Amino acid sequence: MLELGFEPLWQSTGLANFMWGQALMMGVGALLIYLAIVKKFEPLLLLPIGFGAILSNIPLAGIGGSEGLLGHIYHVGIETGVFPLLIFMGVGALTDFAALIAMPWTLLLGAAAQFGIFVTLIGALALNFIPGFDFTLADASAIAIIGGADGPTAIFLASKLAPDLLGAIAVAAYSYMALVPIIQPPIMRLLTTDAERRVEMQQLRHVSKLEKILFPFAVLLLCVIFLPSAAPLIGMLTFGNLLRESGVVERLSHAAQNEIINIVTIFLGLAVGSKLSADKFLTLDTLGILALGAFAFCIGTAAGVMMGKIMHRVTGGKVNPLIGAAGVSAVPMAARVVNKVGLETNHHNFLLMHAMGPNVAGVIGSAVAAGVLLALVGGQ
Amino acid sequence: MLELGFEPLWQSTGLANFMWGQALMMGVGALLIYLAIVKKFEPLLLLPIGFGAILSNIPLAGIGGSEGLLGHIYHVGIETGVFPLLIFMGVGALTDFAALIAMPWTLLLGAAAQFGIFVTLIGALALNFIPGFDFTLADASAIAIIGGADGPTAIFLASKLAPDLLGAIAVAAYSYMALVPIIQPPIMRLLTTDAERRVEMQQLRHVSKLEKILFPFAVLLLCVIFLPSAAPLIGMLTFGNLLRESGVVERLSHAAQNEIINIVTIFLGLAVGSKLSADKFLTLDTLGILALGAFAFCIGTAAGVMMGKIMHRVTGGKVNPLIGAAGVSAVPMAARVVNKVGLETNHHNFLLMHAMGPNVAGVIGSAVAAGVLLALVGGQ
Amino acid sequence: MLELGFEPLWQSTGLANFMWGQALMMGVGALLIYLAIVKKFEPLLLLPIGFGAILSNIPLAGIGGSEGLLGHIYHVGIETGVFPLLIFMGVGALTDFAALIAMPWTLLLGAAAQFGIFVTLIGALALNFIPGFDFTLADASAIAIIGGADGPTAIFLASKLAPDLLGAIAVAAYSYMALVPIIQPPIMRLLTTDAERRVEMQQLRHVSKLEKILFPFAVLLLCVIFLPSAAPLIGMLTFGNLLRESGVVERLSHAAQNEIINIVTIFLGLAVGSKLSADKFLTLDTLGILALGAFAFCIGTAAGVMMGKIMHRVTGGKVNPLIGAAGVSAVPMAARVVNKVGLETNHHNFLLMHAMGPNVAGVIGSAVAAGVLLALVGGQ
Amino acid sequence: MPIEDLLLSGINLMLIGMGIVFVFLFVLVLAMKGMSRLALAVTERQGVAETLSSHASVSGQGQTGMRGDLVAVISAAIKQYRSIHH
Amino acid sequence: MPIEDLLLSGINLMLIGMGIVFVFLFVLVLAMKGMSRLALAVTERQGVAETLSSHASVSGQGQTGMRGDLVAVISAAIKQYRSIHH
Amino acid sequence: MPIEDLLLSGINLMLIGMGIVFVFLFVLVLAMKGMSRLALAVTERQGVAETLSSHASVSGQGQTGMRGDLVAVISAAIKQYRSIHH
Ligand code: NA
Ligand code: NA
Ligand code: NA
């Protein structure tokens, strides 16, 4: 017979089983939701992540546990790497690479901006000199990829190299992507002269349908030859883009751009949030990761702009160095920032389209960097 | 060499392997489809459930077996509890809680209506006095939740407490929800005076966007503090509602309200139908469950109306007791019934909006009741 | 410390791990994509299949392996048979059987065209006389179903009877379906007289909503009685069609016709492509399968037309024998071909609607044939 | 097994297979003709036809009927089933 | 267990269950009233209201603030947590 | 391993990593230039261009060609492959 009395009942309440860590993590989740709704910080990701953090920290419910809803989703979608790859397919289907195809050399800006990743990697290892930090090479690599300013890439790499840090890394990646309008402009102004920022760039040439169809194959081919470890990311990105550009599979392109990416985004966010547990997140590591993330964005931006200045020289002033800042990706925010800063000095200077080149190049660049880290560190 | 002759062939026909139970269950499936198409009984659920019943009772095919399509779907979506929770997310994304926020006290009507659940629980246990019935406390709890008049909640609880009864419980829950227009009016008329039914309620106040955004957090917070066992249901309901009200994640809100809930509904229905097997469904238990389900709806309706009458007194006649009947949820059917009965006595009395308050309150109420049953009975 | 030097790096490049087979398979994948985009060969399937072939043959990446993305998708969706069945549900939801209901006897044309399947089965076994071929009865059955000219049926059967041949069979099935406009006309002209091709058929009678609703039940009922082994295919086909015709579940019908079939098509194509590995595909078997596939289409077409001629006689010239060619299914391509050939000889003779009858009958016919093969060969 | 036997099995399969395909689809022809006649009859009696066409929300009348049916039919089914098995 | 005990358990469950349901929803009533008052106050101060209504892309001002908040709050949380656990 | 070694590994990673990133993207620049030139040439010859633009359903002509290609190419591939492996 069911035991009378309120004891078992009280034992089943949240209050009786409360722990500080969980309360604080719910606060963190609420903060992320606040940033998403009120400050428009990447709401598509930070809102589900924040809510996932709240749900998975509810005492007794075990929603984030192996038997819970979010645990199931994490196991199926993130441990396997399926979700970030499907998002990458959607990104490919949503991205028009015309600007990049018209200005192939802007790929070098996307390359330079990845400098932020590798400097951050060293920074993360250097943190080990501070007592309390003990990042392995794998941890440092996963943290460094924040500098790629590309959410799915960061989640994909972190899930392979440092699952324990996944929550903090994803939160840092998306938070700083949302902060691009704050982080980049000062650096851009600091490193460029008024004259350089004033440069107007010539209009982009027309890109043919055939070029757009061949482009994904060119990217994939190089990936196959040089860096198979980047193939899952590059492969799904180019597949999505081919669905878009082929023009013969409208139904599938539409599904990749809408149903699939929307559904996966909800589940990805909730599952990432379920990794925001007190014992994993409320650590010194997280502070280090937040600091390193900001650092990574700054270095990446600076490196992109410097490469922009070099191109400015080489091309005899045809290139506006500002567009180098878009090389960190953070599509399309970084490109918009470039356009905004450009307009400050020259009210007739619209750099948006020119910035889209390095912007999407940055996506490929950080996927390549992720491939390198997987190949050299993942094996260890 | 393949054996000649028709023997193996005959052995592979349905006729040679036919059993009465399967034939009858296909009849039940066909009946459910008939009710769905011709009588418009909750067609979104009863049509897939009915078809699932037919498919899973086909001899030899084993579609409902562990290796069959429906078996796979059941294993992935219902054993894990994922499907009902995703439907709840969709319900949250589809529901506007404004009416409830404008009249918070109508929550008490939603509370009272849950009385039907617990009386039915006792009724189910009392049935054990009749030879042939042997319901455990878990069985009785799963049956009682039919009184919650909320499909996903019933399926979620039944899948945890009494998987063997899942089929019958789901069928009863959805059938009686469709029968609300028949079951409720007589009870409502019986328990209320003409004067009470005549009461016109004042128009609802405007509800601000901020209130709508804070509401899901208020509900979730109480759930966390008092009843973590209800967190999966309440959590996904509030998450879906936040996607809707936040206004910053249109894509995700749209996916939750359409793609996800539609896809899951198809699979949920088929999977539930696969539990309609002769040995599980063609039992005395099923008759008991059907009887108890009707009983539960009646008690719930009566309790809601009685609470409505109390409020009528307390507020000095401002409240029309009829809206209490909507507390059983069965959204939005019950609210429509209230409106219909109200119009019978007063042709200018539109109670629909006022009935929506207790109606959605009933959803929360039965989720809370489910949480209590999970906490106190699930553990046993 | 991470070993210095480029050796490990070189070891991680594609070049260092390259194998001829993989390169050739990427070429095959590229060819399929070329056919899909430039020649419009069933692009919805051949484009994802081709890309899946490329991805799964990238050295080191292991995308098609048990831990890779495509490996996961194959395991979840094709080994279980879930994907082809969901596509069949979509086909049912997209198909209007009115033409067939108006001319039930055209089912016999759909029956006759399945002759191609069984002749091909014998052909496949006969190939064993040629050294290098060693097809089992199961292999031969899986190959023969190509003659069904129905993609999901072929994939479903091959995944059960001959997983190793799945890639080649799927490629052959979809390639020849795309080649129907080339393969069929000569045979149709050869077997029919000018007079026969000239026959104009009377307009189809109106089909009531109720008939359309009863039709799926009639088909399913016979399947249950005579051929349970075909129940998964026929069951999902009729379920999808009921969603369409019932008229009470618009949401679900829309989901089956769009979101579900589009999403599944992407995954199905990629997963099938992942079976295009050198050791499985670059074999004599594949050449045999390609040859047998063409053979199957020819025989099926001829058989359909011959049955058409018989009906022409029996009905005293009311039937145009050309519509028999549509019995191979390959919906709706084959019906269009019939219309085209009909117009050649009689510019006022529109046979499209009349050809839709045998066309959809062919879908049922090959599902029945698949059921027979599963029942008699699958058990072995 | 030897190719000859395989071929025999294949021929066997062809005979049985085409046989079933034709029987199945031929019976389906008859079933459909019956179905159409039934549908015509029903439609003429308007009974179902109306309900089908009527998009009005369920009429109490019809349903009280239905609900009786529901319990009645299921009870009948259960009685029959139990009578067979116990 | 004997039916009588089952029934006792059931009655027990009913008392506890309805109790919790009522307490839960009654407290929720209070919470919602408080929430509405809060919302009203906030809205009057326009603070959040504007941000909410403004669909303009994030204003630098607001965000510099925010970013401070973000790090600040999380740091605080971590300090407090660690102070408790170590 | 000691932090110093970690740092050395990190520097090593940076050199190799940035090297690869630049090589990869630089080669991609060349590849894209080549691709664009190819595309231009092809487009001028109109060959593919037409097929691409033509939304008309497949032309028999093109396909008979194609189907030959299909079997031809695959046969060639298989011959080559087998010649290597057996
Ligand atoms: Na990047
Ligand atoms: Na309820
Ligand atoms: Na066919």
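The values are calculated or read from the model by the stated rules, or taken from the named source; none is laboratory data. Everything numeric in this text was worked out from a predicted model, so none of it was measured. Here Cβ is always computed from backbone atoms with ideal geometry, including for glycine, and neighbour counts include all displayed protein chains.
Annotations
- Any chance B:Met306 is away from ligand 3 (no atom under 16 Å from the Cβ) and modelled with pLDDT of 95 or more: yes
- Matching residues, the stretch C:119-143, being of a type in the set (A, V, I, L, M, F, W, C) and closer than 15 Å to C:Ala375 by Cα: C:Leu137, C:Ala138, C:Ala140, C:Ala142
- Selection within the stretch B:227-251 - over 22 Å from B:Pro152 (Cα atoms) and of a type in the set (A, V, I, L, M, F, W, C): B:Val248, B:Val249
- Residue in the stretch C:313-334 that is within 16 Å of ligand 3 (Cβ to nearest atom), surrounded by fewer than 24 Cβ atoms within 10 Å (Cβ to Cβ) and either without any contact (Cβ under 8 Å) to a residue 60 or more places away in the chain or not in a helix (DSSP H, G or I) (or both) present: yes
- Condition check for C:Leu351: within 14 Å of chain B (Cβ to nearest Cβ), away from ligand 3 (no atom under 16 Å from the Cβ) and surrounded by 23 or more Cβ atoms within 10 Å (Cβ to Cβ): no
- Residue check for A:Asp139: more than 23 Å from A:Met307 (Cβ to Cβ), more than 7 Å from chain F (Cβ to nearest Cβ) and charged (D, E, K, R): yes
- For A:Pro358, the criteria (1) under 27 Å from A:Met236 (Cβ atoms); (2) assigned to a loop (DSSP other than H, G, I, E, B) hold in every case but one, which is (2).
- The single condition among (1) outside any helix (DSSP H, G or I); (2) modelled with pLDDT of 65 or more; (3) of a type outside the set (D, E, K, R) that F:Leu6 does not meet is (1).
- Reported count of residues in the stretch A:122-141, each being surrounded by 24 or more Cβ atoms within 10 Å (Cβ to Cβ) and not aliphatic (A, V, I, L, M), is 3.
- Scanning the stretch C:40-51 turns up no residue that is more than 14 Å from C:Gly269 (Cβ to Cβ) and in contact with a Ser or Thr (Cβ under 6 Å, 6 or more places away or on another chain).
- Of all residues in the stretch B:338-348 being more than 14 Å from B:Leu109 (Cβ to Cβ) and surrounded by 19 or more Cβ atoms within 10 Å (Cβ to Cβ), the one that is farthest from ligand 2 (Cβ to nearest atom): B:Gly342
To keep it simple, each residue is scored yes or no on (1) over 23 Å from A:Pro216 (Cβ atoms); (2) modelled with pLDDT of 95 or more; (3) within 13 Å of ligand 1 (Cβ to nearest atom).
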position: A:Val331; (1), (2), (3): no, no, yes
position: A:Arg336; (1), (2), (3): yes, no, no
position: A:His347; (1), (2), (3): yes, no, no
position: A:Phe350; (1), (2), (3): yes, no, no
position: A:Met353; (1), (2), (3): no, no, no
position: A:Gly378; (1), (2), (3): yes, no, no
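- Among the residues of the stretch B:196-218, none qualifies, meaning not one is touching a Lys or Arg at 6+ places or on another chain (Cβ under 8 Å) and facing another protein chain (nearest Cβ under 7 Å).
- Hits in the stretch B:191-224 - residues which are acidic (Asp, Glu) and in a helix (DSSP H, G or I): B:Asp194, B:Glu196, B:Glu211
- Contacts under 7 angstrom Cβ, first residue in the stretch C:102-129 being at the interface with chain D (Cβ under 7 Å from one of its Cβ atoms), partner among the hydroxyl-bearing types (Ser, Thr, Tyr) and part of a helix (DSSP H, G or I), 6 or more apart: C:Gln114/C:Ser366; C:Leu121/C:Ser141
- When the stretch B:341-355 is filtered for residues that are part of a helix (DSSP H, G or I), touching a residue at least 24 places away in the same chain (Cβ under 8 Å) and more than 30 Å from B:Pro84 (Cα to Cα), the ones remaining, listed by number, are B:Val341, B:Gly342, B:Glu344, B:Thr345.
- Where a residue in the stretch C:36-58 is within 10 Å of chain A (Cβ to nearest Cβ) and its partner, wherever it lies, is among the basic types (Lys, Arg) and part of a helix (DSSP H, G or I), with Cβ under 8 Å and at least six apart: C:Leu44/A:Arg251
- Exclusive hit being away from ligand 2 (no atom under 16 Å from the Cβ), closer than 17 Å to A:Ala170 by Cβ and not basic (Lys, Arg), set A:Gly357, A:Gly362, A:Gly288, A:Gly300: A:Gly288
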